[in-house]
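> This structure is in structure tokens; I'll ask about it shortly.
The values are calculated or read from the model by the stated rules, or taken from the named source; none is laboratory data. What you see is a predicted model; the values in this text were computed from it and never measured. Glycine gets a Cβ as well: all are built from the backbone with ideal geometry, and neighbour counts include every protein chain shown. Please note that ligands, DNA and RNA were not included when accessible areas were found on the heavy atoms of the full protein model with its side chains. Shrake-Rupley method; radii C 1.70, N 1.55, O 1.52, S 1.80 Å.
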Amino acid sequence: MKQEELQAIASQLKHPSGEKGIEMANMMNETNINMTHHSIQNLNISSSNKILELGHGNAGHVEFLLEQAKDLKYYGLEMSDLMFQEARQINRNFVSQKQAFFSLYDGNLIPFQDSFFDKIFTVNTLYFWQKPEELLSEIYRVLKPNGTFCLTFAEESFMKTLPFTQFEFELYSTEKAQNLIERTSFKIVYKETLTEKVKSKTGELVNRDYTTIVLEK
């Protein structure tokens with residue numbers, strides 16, 4: 001692939017837009033679904049929890065999340081206007097029942113009051129954080145005391161094999177992510193790295209290593 005094509009893929013992964021953005025969102029939902037379910041399960045969701053997700057894409061997984069316990073409220077924040085619209089459309093029933101709420105944000109400031117959420121999670125967004133330490137502090141701020149934050153990302157060793165990650169991506173190993181977290185007030189309660197088979201852009205199955213770090217306020 002040419003440099004421009006690789007750059008276009010990186011740009012769509014960071015900020016999906018246009019028709020290609022919808023295709024990319026569907027593909028991301030499919031390839032990330034195991035990582036997303038794994039993150040949700042690691043939150044240990046209880047009844048009446050308020051849950052925030054950063055960078056939800058088309059949010060095709062919200063139904064799975066809302067099945068985890070009774071009386072849950074899901075809040076999704078997204079930088080892409082297209083993903084905000086897609087997520088609202090796909091989850092229109094939950095939106096009308098006031099179980100799911102979607103908003104746009106700038107990727108830096110979280111537009112909620114202090115100690116608002118019981119649980120927060122994000123999958124495959126870490127690479128695009130503009131100010132990682134500041135965003136972690138914002139996540140800490142809006143989380144209730146003893147609240148859980150689950151950070152899931154594909155390992156640098158795998159991501160380096162993808163030609164488009166040379167553009168717009170900041171890659172993380174577990175160690176690099178831990179070093180970042182240690183500069184904040186969060187405490188790490190659990191971490192694990194798993195390997196799964198995913199379909200590559202060219203259609204063959206490849207092994208992807210991904211890490212989930214569970215943090216507590």
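Condition check ((1) without any contact (Cβ under 8 Å) to a residue 60 or more places away in the chain; (2) within 19 Å of residue 123 (Cα to Cα)) across all residues:
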| site | (1), (2) |
| --- | --- |
| 176 | yes, yes |
| 183 | yes, no |
| 186 | yes, yes |
| 190 | no, yes |
| 196 | no, yes |
| 207 | yes, yes |
| 216 | no, yes |
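> I've got another one for you. Going through region 23-48 one residue at a time, which ones are in contact (Cβ under 8 Å) with a residue 24 or more places away in the chain, open to solvent by less than 60 Å² (accessible area, probe 1.4 Å) and not hydroxyl-bearing (Ser, Thr, Tyr)?
Answer for region 23-48, where residues must be in contact (Cβ under 8 Å) with a residue 24 or more places away in the chain, open to solvent by less than 60 Å² (accessible area, probe 1.4 Å) and not hydroxyl-bearing (Ser, Thr, Tyr): 25, 28, 29, 32, 33, 35, 37, 38, 40, 42, 43, 45.
> Moving to a separate point now. Residue under question is residue 59, and the condition is that it be under 21 Å from residue 129 (Cβ atoms), of a type outside the set (D, E, K, R) and more than 12 Å from the chain's Cα centre (by Cα); does it hold? Break it down stepwise before answering.
Numbers: under 21 Å from residue 129 (Cβ atoms): yes; of a type outside the set (D, E, K, R): yes; more than 12 Å from the chain's Cα centre (by Cα): no.
Answer is no for this residue.
> How many residues does region 65-89 contain that are assigned to a helix (DSSP H, G or I), open to solvent by less than 50 Å² (accessible area, probe 1.4 Å) and farther than 18 Å from residue 149 by Cβ? Lay out the reasoning, then the answer.
Quick first cut of region 65-89, residues assigned to a helix (DSSP H, G or I) only: 65-66, 81-89.
Retained after the next criterion (residues that are open to solvent by less than 50 Å² (accessible area, probe 1.4 Å)): 65-66, 82-84, 86-87.
If we keep only those that are farther than 18 Å from residue 149 by Cβ as well, we get 66, 82-84, 86-87.
Qualifying residue count, region 65-89: 6.
> Turning to a different aspect of this structure: Using the structure shown, decide if residue 148 is farther than 30 Å from residue 2 by Cα, of a type in the set (Ser, Thr, Tyr), open to solvent by less than 10 Å² (accessible area, probe 1.4 Å) and touching a residue at least 60 places away in the same chain (Cβ under 8 Å). Can you show your working first?
Numbers: farther than 30 Å from residue 2 by Cα: yes; of a type in the set (Ser, Thr, Tyr): yes; open to solvent by less than 10 Å² (accessible area, probe 1.4 Å): no; touching a residue at least 60 places away in the same chain (Cβ under 8 Å): yes.
So residue 148 fails the test.
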